[in-house]
Amino acid sequence: MQPMLFVTSAIRGLFYLNGRLIGDMEPDRPLCLPATPGGALYVEFRPLEAGYLSLARCLVLAGGSLVHGSLRGQMGICAVEWPGGLIEIELMPEPLPSARAFIELIQDEYRFKLVSTPRPVLEVYRDGRLCASEILPPILGDAHLERVGNEIRLYAECDNNEHLVVIFCETDGGLKPALMASGREISPLSDGGWRVLRDLGDTVGHARLETFHREGAQYRMSGLENLWSPGRPTWPATPEDTALAALSALKMGLGGEAEQYLTPALAEGIQALSEQVQAFDGCTPLKYPLPGGQSAVGLKLLMGEKCVRVLPVRYHASLLGGPQGPWRLDELALPEAVLNRQYVV
């Protein structure tokens, strides 16, 4: 299979592959080029905007697919493998040290620094030495600290209108991360726990109410309740949204809801469908159509922190009507699971 690379970057720059200039790329103008099915690919990016470092990385292909371990430990690059041999590479050049924006906060003998790198990083220093570091979701400028007993808590606002809390526990071994949670609502409980309401951002509008309680020096989830984000569901109105809604419900273990998206014949195998879908890490529309043009959505499989593989789920829907939208699925062809979290279609 001949793989194709789609390369994107948040800033304008020159892209090189294996030492050869490919072209000038911008955020809204990615590059598309073929790649050899096997071997090392050496990618370089030279920013044409001031304030950023050049980037050089190596990734490896085998049999037309990405060797996911080749991205391990490499900052400023991540990948999504789409069906049909399409590999999307995102480059995130790091700002120059002199140009890095940061917020510095002081609590007792600890110095907290929020550093703007390709992803926001919270660095904690004591006596001039780095004692803790956490990657954060994108946040806005405001942040503040609070000490409660042997905990130091950082509160911030995310750029998607969510709230963020990061809790460190002070132990004999130093300052240890105990909880990082973000959601539409975050509030402490009277018994010392935390309540987090998260919108899941799926087609129908699911939300989750999670509770956390401390065990030793860490917080662990102690409760989970499924809710509706806007107060009521938004049932799917298209075949694609119906397929995504069914997969989301199966992933969440909501068999009763998922069954209403399926024809009675397909619903007979709902237990097996649920077990297969729950082995994956989420679902998504396909960004690029399948080579054969079949109707499909995708199931996501995390292949490490730097790569996501998307596998196609072919479907067919009929206009049969029902309590959860006008369409019902009479076909849902999932990828076949095999050992060691490797999947084939």
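The values are calculated or read from the model by the stated rules, or taken from the named source; none is laboratory data. Just so we're clear, the structure is a prediction, and the values are computed from it rather than from any experiment. Neighbour counts run over all protein chains shown; Cβ positions are idealised from the backbone, glycine included. SASA here: full protein model, heavy atoms, side chains in, ligands and nucleic acids out. Shrake-Rupley method; radii C 1.70, N 1.55, O 1.52, S 1.80 Å.
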Quickly rank 242-254, 81-93 as a protection proxy: mean count of other C-beta atoms within 10 Å, highest first.
-> 242-254, 81-93
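Computing the accessible area with a 1.4 Å probe over protein heavy atoms, can you report the carbon and sulfur percentage for the chain? Numbers along the way, then the final one.
On the way: 8720 of 16980 Å².
C and S atoms contribute 51 percent here.
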Calculate, in nm to one decimal, what ALA40 and ARG220 gain on full extension: separation in residues at 0.36 nm each, minus their alpha carbon distance.
-> 60.7 nm
Rounded accessible area per residue of segment 133-254, 1.4 Å, Å² = 48 Å²
Can you give the extra length, in nm with one decimal, that the chain gains between SER116 and THR238 once fully stretched, where that is 0.36 nm per residue apart less the Cα-Cα distance?
-> 39.9 nm
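Suppose only helical runs count, i.e. DSSP H with n ≥ 4. What mean residue ellipticity at 222 nm does that imply for the chain under -39500 (n - 2.57) per run, divided by all residues and rounded to the nearest 500 deg cm²/dmol?
-2500 deg cm²/dmol
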Lysines with Cα under 27 Å of LYS251, excluding same-chain neighbours fewer than 8 positions away | LYS287, LYS300, LYS306
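Find the percent of Cα-Cα distances in segment 191-345 that exceed 29 Å, and round it to a whole number.
23 percent
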Contact order relative to length of the chain, as percent, for alpha carbon pairs under 8 angstrom and 6 or more apart = 10 percent
Cα centroid distance between segment 156-233 and segment 105-130, in Å?
-> 22 Å
